[in-house]
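Trainee: Handing you a structure now.
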Amino acid sequence: MASFDSVAVGLVGYLILVAGIGYWGSKRVENESDFFLGGEKLPGWALALSERSSDMSGWLLLGLPGLAWATGLSSVWVIVGAAGGAIFQWVVYSRPFMEGRKETGAVTPVGLLAEKIPGDSPVIRALPALVTFVFFMGYVGSQFIAGGTIFQDVFGVSATVGLLVVAALIILYSFAGGFLAVVWTDAMQALLMVFTLILLPGMLLVQVLTDPSLSIMGSLEAAGDGRASWFGGATGSAALLILGTNLSWFFATLGGYPHLDARLMAVRSESDRRTAIVVSTVWGVLTAIGAVLLGLLARTLHGAPSTLEGNREMVLSFMVTEHTPGFLSGILLAGALAAMMSTADSQLVVASSAAAHDVYSKILNEGKEFSEKVQLRISRIGTLVVGTVGLAVAYFSESLVYTLVSYSATGLFSAFGPAFTLLFFWGDNLSKHGLVAAFLAGPAVTVAWITLGLTDMVTVRLVAPPAGFAAAIIASLVWPRSEQPSSEPDGVAAAQD
């Protein structure tokens, strides 16, 4: 078991490094485009690592090992849907996002929708911006909670103190360096995450394989409740429902997360895009295998210890402190903290872009010219405000990390997924009314389905995204396009400001 001092030193050293990257990034942000989209200063491999670490978040290192420990082999299907979908997103969606940004000069995902859809109506910006803000608050709050949990486990402080420390650090470096600092911080965090999910499960697997008394399948069979079954012991329609529930994460990869869409928009060239595809694929496969294997090995080596009963998100920190020595424990636990921070910072910047750029600058102050210095100040204030709201959400929430991410995620990709998919691959058929319908129907069904408790029967992820697609298509057919896209792209307006 690791000593407290060595773990603390490793973890604090990591936090200092993150703060340093934030300060470095702040010196390279010159305008709003740099702050929200990197200003074409980022290589493809860094964007890929940032996109992957931002997507998988604390769910990868906290939620997924806990799920594998709790449910056994059936947890594999979750990662097939999520990791397989991520590869699909880079291969299919990265080019239209990159080309759309170059065509319109948009600096935000919401701005890209507004510039590509004719009509020049404030609702085209306001509604997607509102959906971004509302659902990201739950998402950001869940990541802050995860960070507080790690601090509580390592330093013995209250979860509230840990939450405040982690949230303050994330808000400050996002405030200072914007997208540039966030991407480079995420890239470093992605490398730490893959290191954690290769080294720790690898060490534990060697231990299991060299001990004749231990068996992964034997431990799952002994645990019962279908843990040794690929479908949790279910058959027929019940098995198909489990499969569909877990594979439903694929919907998120249809352009459905604006903080990931921003990375695809920021790709500089076709060469960078190809590099990003390779990097994201390799990273995704390695971490997916490692996360599930970690949960299964925890069951094999420790069964169901009281530490994990009712708190399955602690699988990683429990295994780290039980099986790794000294300073290494601090580094590996930093991997869990990195997972959470890489998502929270990305969502802060994108949510603040929706609030500061798309709502404040483009709607509330439409036609008003701002200098680059003022634009940058507005962007940073937006980040500070959004971060504070996210902190408030985290402080008053007691839900599990996995549950918060699942619900918040569906509200986002049930709207953005249909909007971008139809925009890119249905051509001029998607109208303003179709866009509005997607952003009303998808989130509304998400909220209603969860509120009514129906997600216990059929996951909301199998219901809300199709509702968003259907609403967008029907509304576009009933009220087709009748206007041309705005002649002044986002970037042109920004340059004039």
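Trainee: Please find, among VAL161, VAL157, the residue that is closer than 12 Å to TYR395 by Cα and surrounded by fewer than 19 Cβ atoms within 10 Å (Cβ to Cβ).
Mentor: The conditions single out VAL161.
Trainee: While we're looking at this one, here's another question. Considering each residue of the stretch 34-54, count those that are surrounded by fewer than 22 Cβ atoms within 10 Å (Cβ to Cβ), more than 19 Å from the chain's Cα centre (by Cα) and either assigned to a helix (DSSP H, G or I) or of a type in the set (Lys, Arg) (or both), and give that number. Explain how you work it out, then say what you get.
Mentor: First pass over the stretch 34-54, keeping only residues surrounded by fewer than 22 Cβ atoms within 10 Å (Cβ to Cβ): 39-43, 45.
Filter again for more than 19 Å from the chain's Cα centre (by Cα), leaving 39-43.
Filter once more, so that each one left must be either assigned to a helix (DSSP H, G or I) or of a type in the set (Lys, Arg) (or both): 39-41.
Residues flagged as surrounded by fewer than 22 Cβ atoms within 10 Å (Cβ to Cβ), more than 19 Å from the chain's Cα centre (by Cα) and either assigned to a helix (DSSP H, G or I) or of a type in the set (Lys, Arg) (or both) within the stretch 34-54 amount to 3.
Trainee: Residue under question is ALA238, and the condition is that it be at pLDDT below 85 and not acidic (Asp, Glu); does it hold?
Mentor: When the stated conditions are applied, ALA238 passes them.
Trainee: Check the stretch 105-118 and report whether any residue there is touching a residue at least 40 places away in the same chain (Cβ under 8 Å), surrounded by fewer than 24 Cβ atoms within 10 Å (Cβ to Cβ) and among the polar types (S, T, N, Q).
Mentor: Within the stretch 105-118, none of the residues are touching a residue at least 40 places away in the same chain (Cβ under 8 Å), surrounded by fewer than 24 Cβ atoms within 10 Å (Cβ to Cβ) and among the polar types (S, T, N, Q).
Trainee: Considering the stretch 200-229 alone, what residues qualify as being in a helix (DSSP H, G or I), open to solvent by 30 Å² or more (accessible area, probe 1.4 Å), of a type in the set (A, V, I, L, M, F, W, C) and out of contact with any Gly (no Cβ under 9 Å at 6 or more places or on another chain)?
Mentor: MET203, LEU205, VAL206, LEU209, ILE216, MET217
Trainee: Checking ARG481 against (1) closer than 21 Å to PRO96 by Cα; (2) open to solvent by 30 Å² or more (accessible area, probe 1.4 Å); (3) in a helix (DSSP H, G or I): exactly one of these is not met. Which one?
Mentor: Here ARG481 clears every test but (3).
Trainee: Within the stretch 55-75, can one find any residue that is open to solvent by 10 Å² or more (accessible area, probe 1.4 Å), over 14 Å from the mean Cα position of the chain (by Cα) and closer than 13 Å to ILE289 by Cα?
Mentor: Checked against the condition, which is being open to solvent by 10 Å² or more (accessible area, probe 1.4 Å), over 14 Å from the mean Cα position of the chain (by Cα) and closer than 13 Å to ILE289 by Cα, the stretch 55-75 yields at least one hit.
Trainee: Which of the residues that make up the stretch 80-109 are under 19 Å from the mean Cα position of the chain (by Cα) and more than 18 Å from GLU51 (Cβ to Cβ)?
Mentor: Correct list: VAL80 only.
Trainee: Moving on to the next point. Please determine whether any residue of the stretch 78-92 is in a helix (DSSP H, G or I), at pLDDT 90 or above, more than 28 Å from VAL166 (Cα to Cα) and open to solvent by less than 30 Å² (accessible area, probe 1.4 Å).
Mentor: yes
Trainee: Condition first: open to solvent by 10 Å² or more (accessible area, probe 1.4 Å) and at negative phi. Now tell me which residues in the stretch 119-130 satisfy that.
Mentor: Selection gives SER121, PRO122, VAL123, ARG125, ALA126, LEU127, LEU130.
The values are calculated or read from the model by the stated rules, or taken from the named source; none is laboratory data. As the structure is a computational prediction, the values presented were derived from the model and not from experiment. Neighbour counts are summed over all protein chains in view; Cβ atoms, including those assigned to glycine, are modelled from backbone coordinates with ideal geometry. These area figures cover heavy atoms from the full protein model, side chains too; ligands, DNA and RNA do not enter into them. Shrake-Rupley method; radii C 1.70, N 1.55, O 1.52, S 1.80 Å.
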